[in-house]
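What follows is a set of notes on a single structure, which appears directly below.
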Amino acid sequence: MSGAEEAGGGGPAAGPAGSVPAGVGAGAGAGAGAAAGPAAAAALGEAAGPGLPDEAGLAGARQLQEAAGDPDAPPKKRLRAAEAAEAAAAAAAAGSGKLEERLYSVLCCTVCLDLPKASVYQCTNGHLMCAGCFIHLLADARLKEEQATCPNCRCEISKSLCCRNLAVEKAVSELPSECGFCLCQFPRSILERHQKEECQDRVTQCKYKRIGCPWHGPFHELTVHEAACAHPTKTGNELMEILDEMDQSHRKEMQLYNSIFSLLSFEKIGYTEVQFRPYRTDDFITRLYYETPRFTVLNQTWVLKARVNDSERNPNLSCKRTLSFQLLLKSKVTAPLECSFLLLKGPYDDVKISPVIYHFVFTNESNETDYVPLPIVDSVECNKLLAAKNINLRLFLFQIQK
């Protein structure tokens, strides 16, 4: 028999009787290699990505198979090759079970590296940004007088150049996420409802909180607490103190609404839509400010100006952002003009502004107010205004006649 026949078709039966144990061992090694070879190939192919052939992975699998099934290899080497093949197969099985983790890195925002919670925008090259980071990039570019660019490819981004990616939004909403209370997994689309209405471990308050009960605890303990709560047995004097505090906060809210209703009864009332446009100062280090075109209300000519963070040097480096504005009277008056005014959001914007009434007496010598805060809810709302091409608001003016 030739050497080729011995290598190809010999096997254990072709050796002498005294070599049967060695042949059995070789056959076992060959069987382990044959079983582990496809698993190793699958494992290394899975590491290269689903559906993509990996030449290096296939070559490594063949090496493992050959080393495990080679009868001339030392027993320790065959054993190590078989163990490596089994480990590769286990890694492939574990990797295929963590599809969600791999999708997290694919669908995450390129700025904050977190999964988007609402709208998803993409640049012209397809890189993803969550709505908050997208607005923040546009606001930063406005403050620095630069063109906003994608953090990945540096292509230009704007509200007209970028579009929403509805497919990614839908995919993210179906990914599982952990409830912060019960630690169970739920699709993101129903997680918020679960945490607010269904979770038995969600934090809730006692129904007697209006009369001073400070209890916070899991929902499943609420019934037991309310049955033992001591606040329903409080005396009338104790309850009156709590009600007085509630009345004070309620009184402040009613004072604002009563002031607005009283202003609406004035004879001379005017309002107009105003558009703040961005400009730059002529200083060596330019600063962003906003100004409206001249407009006419109550037969007088006015202008509004606004600035960011009271014109601090580098507002783009601050996390907290605010807007303040002033009202300027551009026409001449023959007598002092006492007015009340307030700014509210425009009819087509979604920015949240709390109404605040300001008062000022305009004269020819004192024809502009001090800068007063634009009552925006938080910095996120301020970024929405800064990211827009122009800021559109509605101004109300009430002339006070004595």
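Observations
- Residues being among the hydroxyl-bearing types (Ser, Thr, Tyr) and within 22 Å of the chain's Cα centre (by Cα) - total across region 159-210: 4
- Residue match in region 259-273 (condition: aromatic (Phe, Trp, Tyr), open to solvent by 80 Å² or more (accessible area, probe 1.4 Å) and modelled with pLDDT of 90 or more): yes
- Number of the condition not met by Asn309 [criteria: (1) of a type outside the set (Phe, Trp, Tyr); (2) in contact (Cβ under 8 Å) with a residue 24 or more places away in the chain; (3) under 21 Å from Gly132 (Cβ atoms)]: (2)
- Phe276 fulfils the conditions (1) closer than 25 Å to Cys382 by Cβ; (2) part of a loop (DSSP other than H, G, I, E, B) except for a single criterion, (2).
- Among residues of region 384-399, those that are more than 35 Å from the chain's Cα centre (by Cα) and either surrounded by fewer than 18 Cβ atoms within 10 Å (Cβ to Cβ) or not aliphatic (A, V, I, L, M) (or both), counted: 2
- Taken over region 318-357, the criterion of being touching a Ser or Thr at 6+ places or on another chain (Cβ under 8 Å) and either open to solvent by less than 60 Å² (accessible area, probe 1.4 Å) or under 16 Å from Lys384 (Cβ atoms) (or both) is satisfied by Cys319, Lys320, Arg321, Thr322, Gln326, Leu327, Leu328, Leu329, Ser331, Val333, Leu337, Ile357.
- Residues of region 103-156 classified as touching a Pro at 6+ places or on another chain (Cβ under 9 Å), without any contact (Cβ under 8 Å) to a residue 24 or more places away in the chain and open to solvent by 40 Å² or more (accessible area, probe 1.4 Å), total: 0
- Applying the criterion of being of a type outside the set (Gly, Ala, Ser) and more than 27 Å from Glu178 (Cα to Cα) to the residues of region 198-223, the residue that is least open to solvent (accessible area, probe 1.4 Å) is Cys213.
- Residue in region 342-364 that is of a type in the set (Gly, Ala, Ser) and in contact (Cβ under 8 Å) with a residue 60 or more places away in the chain present: yes
- Matching option when the condition is in contact with a Lys or Arg (Cβ under 8 Å, 6 or more places away or on another chain) and among the acidic types (Asp, Glu), among Glu241, Glu245, Glu253, Glu273: Glu273
- Arg202, sole failed condition from (1) within 17 Å of Lys384 (Cα to Cα); (2) modelled with pLDDT of 90 or more; (3) not polar (S, T, N, Q): (1)
- Pairs meeting the criteria (first residue in region 261-283 and over 21 Å from Val303 (Cβ atoms), second residue surrounded by 14 or more Cβ atoms within 10 Å (Cβ to Cβ) and hydroxyl-bearing (Ser, Thr, Tyr), beta carbons under 6 Å, at least 6 apart or on different chains) are Leu263/Ser340.
- Restricting attention to region 370-383, the residues being in contact with a strand residue (DSSP E or B) (Cβ under 9 Å, 6 or more places away or on another chain) and either part of a helix (DSSP H, G or I) or surrounded by fewer than 18 Cβ atoms within 10 Å (Cβ to Cβ) (or both) number 8.
The values are calculated or read from the model by the stated rules, or taken from the named source; none is laboratory data. Keep in mind it's a predicted model, so treat the numbers as computed, not measured. Positions of Cβ are generated from backbone atoms using ideal geometry, with glycine treated the same way; all protein chains shown enter the neighbour counts. When the accessible area is computed, the model is the full protein with side chains, heavy atoms only, and any ligands, DNA or RNA have been set aside. Shrake-Rupley method; radii C 1.70, N 1.55, O 1.52, S 1.80 Å.
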